[in-house]
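The values are calculated or read from the model by the stated rules, or taken from the named source; none is laboratory data. Keep in mind the model is a prediction, meaning the values are calculated, not measured. Cβ placement follows ideal geometry from the backbone for every residue including glycine, while neighbour counts extend to all protein chains displayed. All accessible areas refer to the heavy atoms of the entire protein, side chains included, with ligands and DNA or RNA removed. Shrake-Rupley method; radii C 1.70, N 1.55, O 1.52, S 1.80 Å.
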Amino acid sequence: MSFGQSIALLCFIFSMGTIALTYGVAAAQQTAAICNPFIDGCTDITHTGMKGDAGFIFRGGMIAACAFFMVWWVAMRAWLSEYAGKKALNSMQFFGWLAALGLLVGTAVLLPEKDATRWAVHVKGANLFFQGMLIALTINYVLIVKAKKKGLLVPSFRIKSAIMAILWFMFVAFAGVTVGVEMSHGKRIIEWWATLFIGLYFLSAFWDWKEIRLISRE
């Protein structure tokens, strides 16, 4: 497994794996309702990772995921460096890092007691993640389309195309993915699905980055 593949896999494990483990622990400790949140929308992601052991797992796992997200964008930049201009790559990485930092800060302020949590910071951080990530992924997808025409092999191109179509459909049809202290049933469902598809986009690079390795140019 190459360095790039490891990063893509770790991004998915530390994001979606943390959320799945958090929800399982929260349900077992009865701090979250038991349902299929992708269909029932009985709870949002935030409230599964606040109380009890689930809170420690969620904060630790998601903060680690944010670190791997940032490395993922560095690897993506390296992969596209021969096919895209510096300005476009800078924009892509800027929004990708901004989104990751937003999620990191929004996660870090979560506390077991609802009244002690800095909700304004959390909400702004979470929304920055979804909105910034959509911009970053869109720039990334456009650059990949152009690079593919220049000869870059992209084994996961169809998967990426499907994910981008779904994310933009959710954004347009449901007026964006917005997080709040209290969310409607539909917004909670969209949050779960949007998070999953973002995680899958990160994972899709696993098939593209078979040859990405750390090397010294000196």
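If I go through region 35-58 residue by residue, how many of them are surrounded by fewer than 19 Cβ atoms within 10 Å (Cβ to Cβ) and among the polar types (S, T, N, Q)? Matching residues across region 35-58 total 1.
Residues in region 180-191: is at least one part of a helix (DSSP H, G or I), at pLDDT 95 or above and surrounded by 14 or more Cβ atoms within 10 Å (Cβ to Cβ)? Before the answer, list the steps.
Initial filter on region 180-191 (part of a helix (DSSP H, G or I)): 185-191.
The next check asks that each one be at pLDDT 95 or above; those that pass are none.
The answer is no, given that none of the residues of region 180-191 is part of a helix (DSSP H, G or I), at pLDDT 95 or above and surrounded by 14 or more Cβ atoms within 10 Å (Cβ to Cβ).
When Glu113 is tested against (1) open to solvent by 70 Å² or more (accessible area, probe 1.4 Å); (2) at pLDDT 90 or above, just one condition goes unmet, and that condition is (2).
Only one of the numbered conditions (1) modelled with pLDDT of 90 or more; (2) aliphatic (A, V, I, L, M); (3) surrounded by 20 or more Cβ atoms within 10 Å (Cβ to Cβ) is violated by Ala32, and that is (1).
Of the residues Ala26, Ala32, Ala20, only one is aliphatic (A, V, I, L, M), out of contact with any helix residue (DSSP H, G or I) (no Cβ under 9 Å at 6 or more places or on another chain) and closer than 17 Å to Thr107 by Cβ; which? Step through it out loud before you land on a result.
Working: Ala26 fails: out of contact with any helix residue (DSSP H, G or I) (no Cβ under 9 Å at 6 or more places or on another chain); Ala32 fails: out of contact with any helix residue (DSSP H, G or I) (no Cβ under 9 Å at 6 or more places or on another chain).
Ala20 is the lone residue from the list that is aliphatic (A, V, I, L, M), out of contact with any helix residue (DSSP H, G or I) (no Cβ under 9 Å at 6 or more places or on another chain) and closer than 17 Å to Thr107 by Cβ.
The numbered conditions (1) touching a residue at least 12 places away in the same chain (Cβ under 8 Å); (2) under 30 Å from Asn140 (Cβ atoms) are all true for Thr117 except (2).
Of all residue pairs spaced 6 or more apart or on separate chains, those with beta-carbon atoms under 8 Å, a first member in region 22-41 that is more than 17 Å from Glu191 (Cα to Cα) and a second member that is open to solvent by 70 Å² or more (accessible area, probe 1.4 Å) are Val25/Asp53; Ala26/Lys51; Ala27/Ile34; Gln29/Lys51; Gln29/Asp53; Thr31/Lys51.
From Gln93, Gln5, grab the single residue that is open to solvent by 10 Å² or more (accessible area, probe 1.4 Å) and over 13 Å from Phe202 (Cα atoms). Before you say what the answer is, go through the steps one by one.
Values: Gln5 fails: over 13 Å from Phe202 (Cα atoms).
Testing whether each residue is open to solvent by 10 Å² or more (accessible area, probe 1.4 Å) and over 13 Å from Phe202 (Cα atoms) leaves just Gln93.
Taking region 132-147 as the range and being surrounded by fewer than 19 Cβ atoms within 10 Å (Cβ to Cβ) and either outside any helix (DSSP H, G or I) or of a type in the set (S, T, N, Q) (or both) as the test, only Thr138 passes.
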